[in-house]
Amino acid sequence: MDLSNPATQANLEAAFGGESMANRKYLFFADVAKQLGNAELARLFRDTANQETEHAFAHFRLLHPELVVNAPERLDEAGKQAILARCLELAIEGETYEYTTMYPEFAAQARADRDGAATAEFEEQIAESKDHAGIFRTAARNFGLLEPIEQHHAERYGVALLALQGQGVAGEAAEPVAGKWICKVCSMIYDPAVGDLDSGIAAGTPFEAIPDSWVCPICGTRKANFIPYREPELLAA
């Protein structure tokens, strides 16, 4: 397909985003239906989610024909490496955009909305505005927490790309970063310099001093599921 027309490319990107979002949304609905004991509806949502995945893949293949593998057995090692490297490059690009641009802008907007629109709403209807302010605070906090996660993902992809190119072995630093702990479930990184104010953990609180009842502010898992954070590192082969 000729993607020289910017409108066509923009439409394909929008279609890919829409189908991808539908997939995750329907899987969420399937989980809700399962929890509520409606197995038939859960199955319907999962089946539809799978179909949306195929739709998204079709759009993505048109956007990135260089990643389409029709006959893998015909590819030499250099060809395989090139495709895998391209996948990692796109992954790094996406994760870097998220932690350098997307989430910082979302966080700033959430704070602005909380201080402006939500405050005006508060004056009109106290209860509703309290809910809005709480939602905006949570959004700003979550966007802020996700920035270092996406940076961590991008750095891991970067190390993986170097390893794929034969420059070493993907691994982690021998020594953990002082004070930082990472969630094994969602990769949320606890930084004592920041703390977790919404959970009552003041800045400057070492991880060891956090109550055992504390849970990850992103995924809700237990404190016991955090381990010392080690930065991704390229190791000697």
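The values are calculated or read from the model by the stated rules, or taken from the named source; none is laboratory data. Since this is a predicted model, take the numbers as computed values, not measurements. Here the Cβ positions follow ideal geometry from the backbone for every residue, glycine too, while neighbour counts run over all protein chains shown. These accessible areas exclude ligands, DNA and RNA; they are computed on the full protein's heavy atoms, side chains included. Shrake-Rupley method; radii C 1.70, N 1.55, O 1.52, S 1.80 Å.
Only one residue in Ala154, Ala112, Ala127, Ala178 is at pLDDT 85 or above, surrounded by fewer than 15 Cβ atoms within 10 Å (Cβ to Cβ), under 25 Å from Pro217 (Cβ atoms) and out of contact with any strand residue (DSSP E or B) (no Cβ under 7 Å at 6 or more places or on another chain). Which one?
Working: Ala154 fails: surrounded by fewer than 15 Cβ atoms within 10 Å (Cβ to Cβ); Ala112 fails: at pLDDT 85 or above; Ala127 fails: at pLDDT 85 or above.
Of the residues listed, the single one that is at pLDDT 85 or above, surrounded by fewer than 15 Cβ atoms within 10 Å (Cβ to Cβ), under 25 Å from Pro217 (Cβ atoms) and out of contact with any strand residue (DSSP E or B) (no Cβ under 7 Å at 6 or more places or on another chain) is Ala178.
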Residues satisfying the stated conditions in region 176-215, i.e. farther than 13 Å from Ile227 by Cα, among the acidic types (Asp, Glu) and in a loop (DSSP other than H, G, I, E, B): Asp212
Exclusive hit being more than 21 Å from Leu161 (Cβ to Cβ) and at pLDDT below 90, set Phe45, Phe57, Phe106, Phe28: Phe106
Scope region 181-194; condition open to solvent by 30 Å² or more (accessible area, probe 1.4 Å), under 20 Å from the mean Cα position of the chain (by Cα) and either more than 20 Å from Tyr157 (Cα to Cα) or at pLDDT 95 or above (or both); matching residues: Trp181, Lys184, Asp191
Residue list for region 1-56, restricted to those being open to solvent by 90 Å² or more (accessible area, probe 1.4 Å), over 20 Å from Val68 (Cα atoms) and either outside any helix (DSSP H, G or I) or among the β-branched types (Val, Ile, Thr) (or both): Leu36
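Hey, among the residues in region 60-91 that are open to solvent by less than 40 Å² (accessible area, probe 1.4 Å) and in a helix (DSSP H, G or I), which one's farthest from Leu164 (Cα to Cα)? Outline the logic, then answer.
Just the residues of region 60-91 that are open to solvent by less than 40 Å² (accessible area, probe 1.4 Å), to begin with: 63-64, 67, 71, 79, 83, 85, 88, 90-91.
Checking the rest, the ones that are also in a helix (DSSP H, G or I) come to 63, 67, 79, 83, 85, 88, 90-91.
Working: Leu63: 24, Leu67: 16, Gly79: 13, Ile83: 11, Ala85: 7, Leu88: 10, Leu90: 15, Ala91: 14 Å.
Once the filter is applied, the top-ranked residue is Leu63.
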Filtered residue count, region 195-220, keeping only those that are at pLDDT 95 or above and of a type in the set (S, T, N, Q): 2
Scan of region 216-237 for residues that are in a strand (DSSP E or B) and under 30 Å from Gly168 (Cβ atoms), ordered by number: Phe226, Ile227, Pro228, Pro232, Glu233, Leu234, Leu235
